[in-house]
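Trainee: The following block contains the structure, expressed as C-alpha cells.
Readers should treat all values here as calculations from the given coordinates under stated rules, not as data from a laboratory. Treat the numbers as computed from the prediction; the structure is a model and nothing was measured. As a convention, Cβ positions derive from the backbone with ideal geometry for all residues, glycine included, and neighbour counts pool all protein chains shown.
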Amino acid sequence: MSGEIFTDSSMLEIFRAEVETHVESLTSGLLALERNPGDTSHVDEMMRGAHSIKGAARIVGIDPAVRVAHVMEDGFVAAQNGKLTLRPEHVDVLLRGVDMLNRIANASKAATVDWKSFDDEALPLVSEITAVLAGKPVAAADSPMKSALPPPSLAAAETVAVETVTAETAPDHFAHDLTIHFPTLIDAAAAENARLEFVAGLDQQRGSIRLDLSKTVDLDATGLAFLAAIPAQIAQGGPVVELSGVGTDLKNLFKATGIDQLYSTGGH
C-alpha cells in the first residue's frame, strides 16, 4: 500500500462511499450485458464508476483497488470505442473485479488490514482480466508479476502543472518554494496528482508550498476532502502551506466548511 499520508478515516470513508455508490451500477450493468451483449447503454456509466473508484483508491493509496479498477476502466473504454464487445466471458471476470473492489472497501473499515494479501490476489486477477479482454487464453503458468499491468501511471491529460520557483526566477522570499497549479475542476484525478507533488515537496523539505487555485472554478467531494486533509499532514517545523488565487465562490465554500481557517492565505 502506498501514499499513506492521506489514509485517515475521513479519506477512507470517501473511498468506501465511491465503491458503495458504483458497485451496484457496475453489477447491474454487467448483468445486463451478460443477458444482451449488444446492449451498450450501461457502458458509459460503468466506465465512469470504475474511473471514480480508481481515483478515490489512488488518493488513499490502496494499490490493489487502483489496479483492478484501472484495468476494468480500460475494458469499458474499449467497449465505448467499439473496439470490444463485452460478452459473457468478459462479464464473468469483470464481476470478479467488482467483487474484489467491494471486499477491499469492506476490509478498509478494520483497524489493521493485510494489504499484501490483497496485492497477491489483485495481480493475477488483473492479469486474467487483461488477457480475457484481449481475447487471449489465460495461462496458469504465467507469472502474475510478469503479465499484470503495472500501477497506473498518471495520464498526461490528467497531470497537474507544477512550477518550481527558483532563486533565479522568483523574489527572494519565494526562493526554493513549490507552487502547485490546480486545474479548472479538482476531482479525484487532480487531487491525486497534486498529492504526489505535495509529498515530493515534503520530501524535498520545501520552506513553503503554495496551492494555486486561480484557474479552479469547482471541486468535487474528493477534492474538498483533499484540501481539508493537507494541513493535518504538516509536522511541526514543516513547510507553510497557503492557498492562492481563490475565487469568490470557492472562498464562500471554504468559509462554510472551515477550510479557510486551516491555511495561510495569499495572492487573493
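Trainee: I need ILE230, ILE180, ILE62 ordered by Cβ neighbour count within 10 Å, fewest first.
Mentor: Details: ILE230 20, ILE180 24, ILE62 30.
Ranked by crowding around the Cβ, least crowded first: ILE230, ILE180, ILE62.
Trainee: Starting from the Cα gyration tensor of the range 4-147, take the square roots of the eigenvalues, sort them a ≥ b ≥ c, and report rounded, prolate or oblate (rounded when a/c is under 1.5, otherwise prolate if a/b is larger than b/c, else oblate). Write out the running numbers ahead of the final one.
Mentor: On the way: a/c = 2.20, a/b = 1.35, b/c = 1.62.
Because a/c hits 1.5 or more and a/b fails to exceed b/c, the range 4-147 counts as oblate.
Trainee: Would you calculate the separation in nanometres between label points at ASN106 and SER25, each defined as 7 Å from the Cα along the Cα-to-beta-carbon direction?
Mentor: 2.3
Trainee: Kindly provide the chymotrypsin sites (Phe, Trp or Tyr not before Pro) of the range 181-259 that DSSP labels as loop, not H, G, I, E or B, and whose Cβ sees at most 13 other Cβ atoms within 10 Å.
Mentor: Working: sites: PHE198, PHE226, PHE254; in loops: none.
Nothing satisfies the criteria.
Trainee: Sticking with this one: Set the bar at 22 Å for Cα to Cα. Now go through LYS116/LYS136; LYS54/LYS136; LYS54/LYS109; LYS215/LYS251; LYS54/LYS116 and name every pair that lies beyond it. Could you put the intermediate results ahead of the total?
Mentor: On the way: LYS116/LYS136 28 Å; LYS54/LYS136 25 Å; LYS54/LYS109 18 Å; LYS215/LYS251 14 Å; LYS54/LYS116 18 Å.
Correct reply: LYS116/LYS136; LYS54/LYS136.
Trainee: As an exercise, identify the trypsin sites (Lys or Arg not before Pro) in the range 90-124 lying in DSSP coil whose Cβ has no more than 12 other Cβ atoms within 10 Å. Don't jump to the answer; show the numbers that get you there.
Mentor: On the way: sites: ARG96, ARG103, LYS109, LYS116; in loops: LYS109.
Of the trypsin sites (Lys or Arg not before Pro), the ones in loops of the range 90-124 whose Cβ has at most 12 other Cβ atoms within 10 Å are LYS109.
Trainee: Further question on the same structure: Amide H to amide H under 5 Å from VAL240: which residues, 5+ apart in sequence or cross-chain, H placed 1.01 Å off N in plane?
Mentor: SER208, ILE209
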